[in-house]
Amino acid sequence: MGLTLTEKIIKDHLVVGEMVKGTEIGIRIDQTLTQDSTGTMAYMQLEAMEVPRVKTKRSLAYIDHNMLQEGPENMDDHIYIQTVAKKHGVYFSKPGNGICHQVEIERFGVPGQTLLGSDSHTPTGGGIGMLAIGAGGLDVAVAMAGGEYYITMPEVVKVELTGKLRKGVSSKDIILEVLRQCTVKGGINKVFEYTGDGVKTLTVPERATVTNMGAELGATTSVFPSDDMTKAFLEAQGRGEDFTALSADSDAVYDQVVKVDLSTLEPLTACPHSPDKVVKVSEIEGLKVNQVAIGSCTNSSWLDLMKVAAILKGQTVAENVQLVIAPGSKQVLTMLAENGALADLLNAGARILECGCGPCIGMGQAPCTDGVSLRTFNRNFKGRSGTVSADVYLLSPETAAISAVKGVLTNPLGKVELPDIEMPKDFLINDNAVVAPAPEGEVVEVVKGPNIKPFPLAKPLADTVEGKALIVVEDNITTDHIMPSNAKLLPYRSNIPYLADYCLAPCDPEFPQRAKDNDGGFIIGGQNYGQGSSREHAALAPVYLGIKGVIAKSFARIHKNNLINNGILPMVFENEADYDKISLGDNLMIDNAREQVNAGKIVLKNKTKNEEYPVLIEVSERQKEMLQAGGLINLMRSKN
Ligand code: SF4
C-alpha cells in the first residue's frame, strides 16, 4: 500500500513510536521559527535548558507582531531576542523584514523538511511542501535543543482540486470553501493534503494562502506536493538547490476526501465572527464598508499585492472607505516600489503600513464603532480587530480591492479586468535584514532589559504535596481568564512576575495575592478548564504563584499539556460530585505523590473536612516522567 505525502515526511522524521493513527509519535524537527510575542519566552526557556547552541538545521527568530514602540519594553524584547539568537546559533529577522510565514516561504522553506513554529499559522510552510506545525514556545525551545516534537499520528484528508480558477477568484476562496465544508472543528488531529490536476495551476504563494488558513480548520497542518511550480519558485528565489520533487504515491490511502472544483468556485467571504461562516460574496453584495485591510500572513505576497495594484490603478478609494495595506515582506515592498505598483496603490489613496502583522493582531487600525471591515486576513473573532462592535469579513485581495473602490462589498467576478500577472523569474534578493548567528565559540553578551525577568521553574515532585484550595472556579474557564492578554499586557510577555498579578483576576482579583500569602496551593476547576488559545503563560503564571496542581472536572487538551510541561499536576475528579465538597481555603494533601502519580490514581485528602476524594491523572509515561522532574525543562537538564 502506498503512502501519502504526509506519511512519507513523517516516516523520514520518525524517532519515537510507530505510524499508527491516533497514537503518540515523536518527530525530528529540521527548522524552527519564533515570532516576538512568543519568542522572548521560548528563548528564555532555551537558556534555562543550558543548551549552548541550537541543534536544528536552521532556526529563525522573527520580529513582526508587536512593533509599536510606545515605551521601551518592546524594543528591549527585540534586543534580547537578537542577542540571545546570535549567541545560540539562531538567525534573526529584524523588524521590518516581514511577517515570519511570508519570509519563511520566500527565503528559508525547504520541501520535505519539518518546521516547528511558535505561531499557529506555521502551517503556511506546507505551501512549499514542508510538514510545518504550530506549537507552544516551550515545544519549539525543546526542538531547538535537539528534542523531538510529539503529535498524535494524524489522519490524512485528501483535498482534490480539479479545474482552474477563473480571474477574480483566488486561492483564498479555495480555503474558504474547505472551511465551509469542514468547519473550524473539522481538522483536529488531521493533515489536509492537496492533490489533483488543479494543484499544478497554483503558484507557491497561492498554495501558501491555502495552507496558512488551514490552521482555522484546527488541523495539525496542511501540505502541497513539491513539483515544477515549487522548483520555479525556488529558482526565482535563488534557491534552486533546495528543491526536491515530492508527492503522494498513486495508491496512497486517505481517511477522508474533500473535493473542490476550481472552475466553478465563486468569490466567498467568512462572515462575523468565525472563519467558517462562509457565504458567496454575491449573496451579501452591497454591504456598506468603512475599512478595507489588505495583508497578513495569508494574503500579502508579491502576487497578491500586484493583483490589488492592478485593480486600484487609475482608481480612487471610495469616500467612505479607509484602505490600509501591509506588505508581507521587505522583498514584496521593494519589488512593488521598483516596478511602479506601489505608486498605483498610493495614487488610489491607500495607506501603506510597515511589513508586519499590524492590524491582524490588533496593533493599530482598529475599525470604527459598529464598523464593517473587509480583511484579507485569517481570523475574524469578535474583538480581535480592536473594536468589539465591529463586523469583520474575511475575503480575497481581489474582492477587498474592488470593494475599496466601490465603497460596498462587491463581487469581483465580471467587474474587474485583471491583466495576466506572471510570477517573476527572479525575485529581488537582499537578506541584509537577516542577522546571522555568531560563529560557534564567540562570546556574545545577551542583553536583558529591565522588563525581562527570570523564568519560573517548578520543583521536582515532592513525596508529600500539600496546600490550600486557593480558588474554586466554574465550568469553561478560558486561558483568557487564567492569563488575560490585551494590548496593555502584551509588552510584558517576558515578565511573568508582572503578569502573575493578573492571573485568574477576572474570576477573583484577590487570587494572586492569596496564592503568594499561602506559598502556593491548588486550583479547583469545573468542566473544560483552560479552553481557548495555546497561551503558555496560562501555565507559567500559576507556576510563579506556586500552584502545585489543578483539580478539575475536565481539561482542555492544550492547556493540560502546558500544565504538564511546566510541572503542575492536572488531576480530574473521579466522582464529579466531589467538586462541590471542596471549599475555598480547605487544606488539601497528597501522600506518596511520586508513587501515586506513577499509578495514575491519587487519593486527595481534605484535612479541613476530614474527607478523601479519588482523583485521576491521565497522562502518558513520558508525561509522568516530566511531572516527576518538575516539568520538561528540568527533565531536559537532568538528561543533558
Ligand atoms: Fe498571526 Fe496575523 Fe501575524 Fe499571521 S499576520 S502571524 S495571523 S498576527
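Observations on the model:
- When residues of the range 613-622 are limited to those that are within 20 Å of P460 (Cβ to Cβ) and surrounded by 18 or more Cβ atoms within 10 Å (Cβ to Cβ), the one farthest from the chain's Cα centre (by Cα): I617
- On inspection, L333 does not qualify as of a type in the set (A, V, I, L, M), in contact (Cβ under 8 Å) with a residue 60 or more places away in the chain and outside the structural domain of L68 (by TED's automatic domain parsing).
- Within the range 94-104, the set of residues being buried (at least 24 other Cβ atoms within 10 Å of the Cβ) and away from the ligand (no atom under 13 Å from the Cβ) comprises N97 only.
- Residue list for the range 410-425, filter: surrounded by 10 or more Cβ atoms within 10 Å (Cβ to Cβ) and not polar (S, T, N, Q): P412, L413, K415, V416, L418, P419, I421, M423, P424
- Residues (part of a loop (DSSP other than H, G, I, E, B) and within 11 Å of the ligand (Cβ to nearest atom)) located in the range 355-373: C355, G356, C357, G362, M363
- Residue satisfying condition, being of a type outside the set (D, E, K, R) and assigned to a strand (DSSP E or B), within set L68, L46, L33: L33
- Pick from the range 201-220, criterion within 16 Å of the ligand (Cβ to nearest atom) and not in a helix (DSSP H, G or I), ranking: surrounded by the most Cβ atoms within 10 Å (Cβ to Cβ): A219
- Answer residue from the range 597-612, given it is under 36 Å from the mean Cα position of the chain (by Cα) and in contact (Cβ under 8 Å) with a residue 12 or more places away in the chain and is surrounded by the most Cβ atoms within 10 Å (Cβ to Cβ) among those: I602
- Given (1) assigned to a loop (DSSP other than H, G, I, E, B); (2) more than 29 Å from E104 (Cα to Cα), number of the condition G441 does not satisfy: (2)
- Summed over the range 64-77, residues that are within 16 Å of the ligand (Cβ to nearest atom) and free of Cβ contacts under 8 Å to residues at least 60 places away in the same chain total 0.
To keep it simple, each residue is scored yes or no on (1) touching a residue at least 24 places away in the same chain (Cβ under 8 Å); (2) over 20 Å from G117 (Cα atoms); (3) in contact with a strand residue (DSSP E or B) (Cβ under 8 Å, 6 or more places away or on another chain); (4) within 16 Å of the ligand (Cβ to nearest atom).
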position	(1), (2), (3), (4)
H13	yes, no, yes, no
T34	yes, no, yes, yes
M41	yes, no, no, no
A48	yes, no, no, no
K55	yes, no, no, no
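- Condition broken by T387, with the remaining ones in (1) within 25 Å of T230 (Cα to Cα); (2) in contact with a Cys (Cβ under 8 Å, 6 or more places away or on another chain); (3) polar (S, T, N, Q) satisfied: (1)
- Counting the residues of the range 178-200 that are modelled with pLDDT of 95 or more and surrounded by fewer than 23 Cβ atoms within 10 Å (Cβ to Cβ) gives 9.
- Looking only at the range 316-341, residues that are over 13 Å from G407 (Cα atoms) and touching a Ser or Thr at 6+ places or on another chain (Cβ under 9 Å) come to 6 in all.
- Residue count for the range 374-389 satisfying the condition of being within 14 Å of the ligand (Cβ to nearest atom) and among the hydroxyl-bearing types (S, T, Y): 2.
- S263 farther than 28 Å from D64 by Cα, touching a residue at least 60 places away in the same chain (Cβ under 8 Å), more than 16 Å from the ligand (Cβ to nearest atom) and assigned to a helix (DSSP H, G or I): yes
- Residues in the range 105-122 that are within 12 Å of the ligand (Cβ to nearest atom) and closer than 21 Å to G147 by Cβ were compared, and the one that is nearest to the chain's Cα centre (by Cα) is S120.
- Number of the condition not met by V392 [criteria: (1) assigned to a strand (DSSP E or B); (2) more than 16 Å from the ligand (Cβ to nearest atom); (3) not aromatic (F, W, Y)]: (2)
- From the options A366, A310, residue that is farther than 29 Å from D36 by Cβ and either small (G, A, S) or more than 23 Å from the chain's Cα centre (by Cα) (or both): A310
The values are calculated or read from the model by the stated rules, or taken from the named source; none is laboratory data. All values reported here derive from a predicted model rather than from experimental measurement. Here Cβ is always computed from backbone atoms with ideal geometry, including for glycine, and neighbour counts include all displayed protein chains.
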